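A short worksheet on the structure shown next.
The values are calculated or read from the model by the stated rules, or taken from the named source; none is laboratory data. The model shown is predicted, which means the values in this text are computed figures rather than measured ones. A quick note on method: Cβ atoms are made from the backbone with ideal geometry, for glycine too, and the neighbour counts reach across all protein chains shown.
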Amino acid sequence: MTRFIRRGAMAALLSTASAFAVTTLIGGHGALAAAAKKDDTPKISNAVGKPLNEAIKFTDAVKTAKNDAEKAKDFSDALDKVKEADAVKDKTPYEDYQVAKFLGYIAINQPMPDYAAAAAAYNRQVASGGAPDAEKAGVYKVAMRLNYQEKSFPEAIKDGVALQMLEPFDDTEYLVMIQSYYSTDDFTNAADMAKKEIAAKTASGMKPSEDVLGLLLNSQIKSKNEAGAREALDQLAMISTKPDVWGQEMDFALGTKGMTDHQLLNLYRLSVLTGTMKDTDFAAMATIDLQNGLPKEAIAILTKGNKTGDLLTQANQLAARDEQTLPALAAEAAKHMDGEVDVKLGESYYTYGRFDDAIAALQKGIQKGGLKDATDAETTLGIVLLAAGKKDQAVAEFDKAAAAQSAAGQVAHVWTLYGKRSA
């Protein structure tokens, strides 16, 4: 028969995980220049501290402002005072840090936030070298998010490297770092960072996010690491229900060399469940059904694909007498020493929704042995078990079949992913 098999293409896999907003993660920055009021070290000179303290009065007034116009006026007055402090010559690193800290606070919290100015202010805090040890992690956290948002990816990476030396990343920080590396075409570090995040999630008993797995997948593709890309895609498929993810998984599977028609049929059955059938797949699947004496399934798949014509007419003609032949097929199976006819009988039962009978016949055929493709038969049994709601048994059957180093084993492998995701 003519096969309509979609070949996997590394360049055609998932697009980069979309950028995400980070501004909502940035709140107020605490007491700002409160250190100017204290008698602690490091100290702030009166020339710097006086205008900063006056600026604090204006930002405190924001709390009682009646509208955005009043808030904007208070922030504008505060900014004037901060600029006055900034104009002082020969400021210490700590004083420069306090000025930059206040500038960042105003830029973020004013009624019309200015995130470019905020990023510049946080970069200045980092560069000042005056941040107290207790505040350094917080500065790097916000700076890396702002730099990422402003597409200053190298700066975001520098902030992230410094932050990770102080404390572990949270989920957002991992994602910022991975995407920053990816955006600078550093696919090796992007993949390494993604693997670290996945390992951390796995160690804590949690599932990795689709965004991180998508970035790992793309990084492996860009690095031309096909084995790594396939592994990442498999991980993604086990947590995702998205048709585009499963479409790519199916593309890889359908490109397996040496696949028989019946192994292809079992892949098409998965493609139906994952919503990844292409227009030409419906006729291809129905043709294999008819070649294997499964007109009931052929009718169902042609109907699902809105296909009419000679193929559907043929399927209807064969189906008119097919179910009546099942008792004779069962009698024939009982006479055979090998399990081929039992497997065929079980698959026929499956197409009529007789799952218990199908399971019994398939199990008997596999037990008898002498099969041309035992791995494919085990996969078919797993498909019927899954359809019958016996997920754990189905996954066990898929796992057993997937151990085979063959095209049939590759088909079972994809079903294993689906079964584990479903479970």
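In the stretch 183-195, what residues are charged (D, E, K, R) and surrounded by fewer than 17 Cβ atoms within 10 Å (Cβ to Cβ)? Hits for the stretch 183-195 are Asp185, Asp192. Looking across Ala334, Ala374, Ala361, one residue alone is farther than 22 Å from Ala298 by Cβ and crowded, with 17+ Cβ neighbours inside 10 Å. It is Ala374.
Only residues that are under 21 Å from Glu95 (Cα atoms) and among the polar types (S, T, N, Q): list them for the stretch 107-159, please. Hits for the stretch 107-159 are Asn123, Gln125, Ser128. Is it true that some residue in the stretch 202-213 is crowded, with 24+ Cβ neighbours inside 10 Å and either within 26 Å of Leu386 (Cα to Cα) or touching a Leu at 6+ places or on another chain (Cβ under 6 Å) (or both)? Scanning the stretch 202-213, I find at least one residue that is crowded, with 24+ Cβ neighbours inside 10 Å and either within 26 Å of Leu386 (Cα to Cα) or touching a Leu at 6+ places or on another chain (Cβ under 6 Å) (or both), so the answer is yes.
Reported count of residues in the stretch 231-257, each being charged (D, E, K, R) and either modelled with pLDDT of 90 or more or in contact with a Ser or Thr (Cβ under 7 Å, 6 or more places away or on another chain) (or both), is 2. Scoring Pro168 on the criteria (1) surrounded by 17 or more Cβ atoms within 10 Å (Cβ to Cβ); (2) more than 17 Å from Ala117 (Cα to Cα); (3) not small (Gly, Ala, Ser) leaves a single failure, condition (1). In the set Ala55, Ala143, Ala137, Ala85, which member is in contact with a Leu (Cβ under 7 Å, 6 or more places away or on another chain), at negative phi, crowded, with 21+ Cβ neighbours inside 10 Å and in a helix (DSSP H, G or I)? Of the residues listed, the single one that is in contact with a Leu (Cβ under 7 Å, 6 or more places away or on another chain), at negative phi, crowded, with 21+ Cβ neighbours inside 10 Å and in a helix (DSSP H, G or I) is Ala85. Evaluated against (1) outside any helix (DSSP H, G or I); (2) out of contact with any Gly (no Cβ under 6 Å at 6 or more places or on another chain), Asp338 falls short on exactly one condition, (2). Checked against the criteria, Glu249 counts as part of a helix (DSSP H, G or I), of a type in the set (Asp, Glu) and touching a residue at least 24 places away in the same chain (Cβ under 8 Å).
Within the stretch 233-246, restricting attention to residues that are β-branched (Val, Ile, Thr) and outside any helix (DSSP H, G or I), the residue that is surrounded by the fewest Cβ atoms within 10 Å (Cβ to Cβ) is Thr241. Would you check if there is a residue in the stretch 181-190 being out of contact with any Lys or Arg (no Cβ under 6 Å at 6 or more places or on another chain) and either on the phi > 0 side of the Ramachandran plot or modelled with pLDDT under 90 (or both)? Yes, because at least one residue in the stretch 181-190 is out of contact with any Lys or Arg (no Cβ under 6 Å at 6 or more places or on another chain) and either on the phi > 0 side of the Ramachandran plot or modelled with pLDDT under 90 (or both).
Would you confirm, using the coordinates I've provided, whether Lys296 is touching a residue at least 12 places away in the same chain (Cβ under 8 Å), closer than 20 Å to Tyr268 by Cα and either aliphatic (A, V, I, L, M) or in a helix (DSSP H, G or I) (or both)? So Lys296 passes the test.
Residues in the stretch 256-292 that are acidic (Asp, Glu), closer than 24 Å to Ser240 by Cβ and surrounded by 20 or more Cβ atoms within 10 Å (Cβ to Cβ): Asp281 only. Here Glu150 clears all of (1) free of Cβ contacts under 8 Å to residues at least 24 places away in the same chain; (2) surrounded by fewer than 20 Cβ atoms within 10 Å (Cβ to Cβ); (3) closer than 20 Å to Val176 by Cβ except the condition numbered (1).
On the basis of being assigned to a helix (DSSP H, G or I), more than 14 Å from the chain's Cα centre (by Cα) and farther than 30 Å from Pro93 by Cβ, does Ala227 make the cut? So Ala227 fits the description; yes.
Looking at Leu381, Leu371, Leu385, just one residue is at pLDDT 95 or above and within 16 Å of His262 (Cα to Cα), and that residue is Leu381. Each residue in the stretch 293-325 was checked for being within 18 Å of Glu347 (Cα to Cα), surrounded by 15 or more Cβ atoms within 10 Å (Cβ to Cβ) and of a type in the set (A, V, I, L, M), and 8 pass. At least 3 residues being under 24 Å from Pro243 (Cβ atoms) is the threshold, and among the helices (runs of 4 or more DSSP H) wholly inside the stretch 157-223 those reaching it are 171-183, 210-222.
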